[in-house]
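Trainee: The structure's right below; bear with me while I get my questions together.
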Amino acid sequence: MTGNNTRACKPALIIGAGCTGRGFIARMLAMDGYSVCFVDKSRELIRALRREGAFSIAIGKKRELFRIDEYQTFLPSDEGALLTAADAPYIFISVGVKNLPELKDFLVAVCELRDPSSLRVVVCENGVDPASALRNVLLGTVAQRISISQCAIFCTTVTDGTQLGILSEDYSHVPYDADAGAFPIECAGFEPVQKFVDLMRRKIYTYNCLSACIAYLGYERGYVCYADAANDAELKPIYEEMTDALDAALSLELNIPTDEQKAFSRRAMDKFSNPDIADTIWKNARDARRKISPGERLMGPMAIFLSQKRDIDILCRVIACAIDYMEREEETPQGEGIDLFLQMNGMSRDSQIALLVKRHYEELTGRSCK
């Protein structure tokens, strides 16, 4: 299978040529005939894309190949990046929510070349409302007039072990924000959704919460393959208990029929336990600090559970595992993770959550907390 790059002479711009940008957004655009232009801050990645001139995406269990070629590539500092962005029908952003502030100067510069209100930017990030996060970054600049939308990414994409190749889940749907003031995204597979922020809350608090449970509990058991952790016989009852609690809490919180929410979470667990979807513990566990911050995939459900007087023990256990991951795999000094977690979330050391997290942390690591 190869991409049909005949639909648009003006390439759609993708800022962030990682797994999602290169392996999913680019595929969706190319399948509908768009050409693409990648902008990425990694000189090594841009050099590789230029050198190879093409890359393949292996889709689904059959690993059917979709080839993307005839793309353009730029660093953000390249004049060509600004010129292409100013002429693009859409600018898609897939850099991670924490990296959105780095795009401020680039987007302001683009606005010097084109009327900001005519620019159509689509934020493709995991977050409850990433479009608002970008708007806040641009506040007070000419770029605050840019038209900004957002979409939900349900498709799993990982590298295939080579520098450019991608392994992708067989998934070709992109829900996007169709609330007041939104613009249409004219690309096959992009589906407008009303009350989009509710969908994102539901996704983050179901898919991403369960993903964190599998990743951090699986990490403690030494798993590398994500599906292996999802299918662990001793951990499965914990996942099931967590899923049942999320279904009950989110059905009430978001006014969703229980059967509908159960089907939603079942799709998530079926996906996570599917060995044909190549995924890793590392990809789902990385950036643990963000994942235990307020409103994120663990603390968002935590707030709902507390408001509904539900048991929070499993969530606290997963948070303890995430803190251990931060201390062992990331840049948090050993013994400081719990204090960092409490500071981020504005908690005292004798709060219910703090006491439960500390107990699980001590049982898990054998290290006592002050």
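The values are calculated or read from the model by the stated rules, or taken from the named source; none is laboratory data. In this text, all values refer to a predicted model and were calculated from it rather than measured experimentally. Note: ideal-geometry Cβ built from the backbone for every residue, glycine included; neighbour counts use all protein chains shown. Side chains are part of the model used for accessible areas, which takes the heavy atoms of the whole protein and leaves out ligands, DNA and RNA. Shrake-Rupley method; radii C 1.70, N 1.55, O 1.52, S 1.80 Å.
Trainee: With the checklist (1) in contact with a Lys or Arg (Cβ under 7 Å, 6 or more places away or on another chain); (2) part of a loop (DSSP other than H, G, I, E, B); (3) at pLDDT below 95 in hand, flag the one item Gln163 doesn't pass.
Mentor: For Gln163, the failing item is (1).
Trainee: Going by what's in this entry, would Lys370 be described as at pLDDT 95 or above, among the charged types (D, E, K, R) and over 19 Å from Gly300 (Cβ atoms)?
Mentor: Details: at pLDDT 95 or above: no; among the charged types (D, E, K, R): yes; over 19 Å from Gly300 (Cβ atoms): yes.
It is false that Lys370 is at pLDDT 95 or above, among the charged types (D, E, K, R) and over 19 Å from Gly300 (Cβ atoms).
Trainee: Does Arg145 satisfy the condition of being in contact (Cβ under 8 Å) with a residue 24 or more places away in the chain, more than 15 Å from Thr20 (Cβ to Cβ), open to solvent by less than 60 Å² (accessible area, probe 1.4 Å) and not hydrophobic (A, V, I, L, M, F, W, C)? Don't jump to the end; show me each part of the working.
Mentor: Working: in contact (Cβ under 8 Å) with a residue 24 or more places away in the chain: yes; more than 15 Å from Thr20 (Cβ to Cβ): yes; open to solvent by less than 60 Å² (accessible area, probe 1.4 Å): no; not hydrophobic (A, V, I, L, M, F, W, C): yes.
Criteria not met by Arg145.
Trainee: Scan region 312-347 residue by residue and report those that are at pLDDT below 95 and either among the hydroxyl-bearing types (Ser, Thr, Tyr) or on the phi > 0 side of the Ramachandran plot (or both).
Mentor: Thr332, Gly335
Trainee: Given the conditions (1) touching a residue at least 60 places away in the same chain (Cβ under 8 Å); (2) outside any helix (DSSP H, G or I); (3) β-branched (Val, Ile, Thr), and given that Ile204 satisfies all but one, which numbered condition is not satisfied?
Mentor: Failing condition for Ile204: (2).
Trainee: Let me ask you something else. Can you tell me how many residues within region 9-63 are assigned to a helix (DSSP H, G or I) and acidic (Asp, Glu)?
Mentor: Filtering region 9-63 for residues assigned to a helix (DSSP H, G or I) gives 19-31, 43-52.
From what is left, the residues that are acidic (Asp, Glu) are 44, 52.
Going through region 9-63 one residue at a time, the tally reaches 2.
Trainee: Being out of contact with any Leu (no Cβ under 7 Å at 6 or more places or on another chain) and on the phi > 0 side of the Ramachandran plot is the requirement here; does Asp287 meet it?
Mentor: Numbers: out of contact with any Leu (no Cβ under 7 Å at 6 or more places or on another chain): yes; on the phi > 0 side of the Ramachandran plot: yes.
In short, yes.
Trainee: Moving to a separate point now. How many of the residues making up region 287-318 are assigned to a loop (DSSP other than H, G, I, E, B) and in contact (Cβ under 8 Å) with a residue 12 or more places away in the chain?
Mentor: Of region 287-318, the ones assigned to a loop (DSSP other than H, G, I, E, B) are 287, 292-298, 308-312.
Add one more test, that the residue is in contact (Cβ under 8 Å) with a residue 12 or more places away in the chain, and what stays is 287, 292-298, 308, 310-312.
Final tally of qualifying residues: 12.
Trainee: Considering only region 248-285, how many residues are farther than 21 Å from Lys195 by Cα and in a loop (DSSP other than H, G, I, E, B)?
Mentor: The number of residues fulfilling the criteria is 7.
Trainee: Next question. Being open to solvent by less than 10 Å² (accessible area, probe 1.4 Å), in a helix (DSSP H, G or I) and of a type outside the set (Lys, Arg): is that true of Ile238 here?
Mentor: On the way: open to solvent by less than 10 Å² (accessible area, probe 1.4 Å): no; in a helix (DSSP H, G or I): yes; of a type outside the set (Lys, Arg): yes.
Judged against the criteria, Ile238 is not a match.
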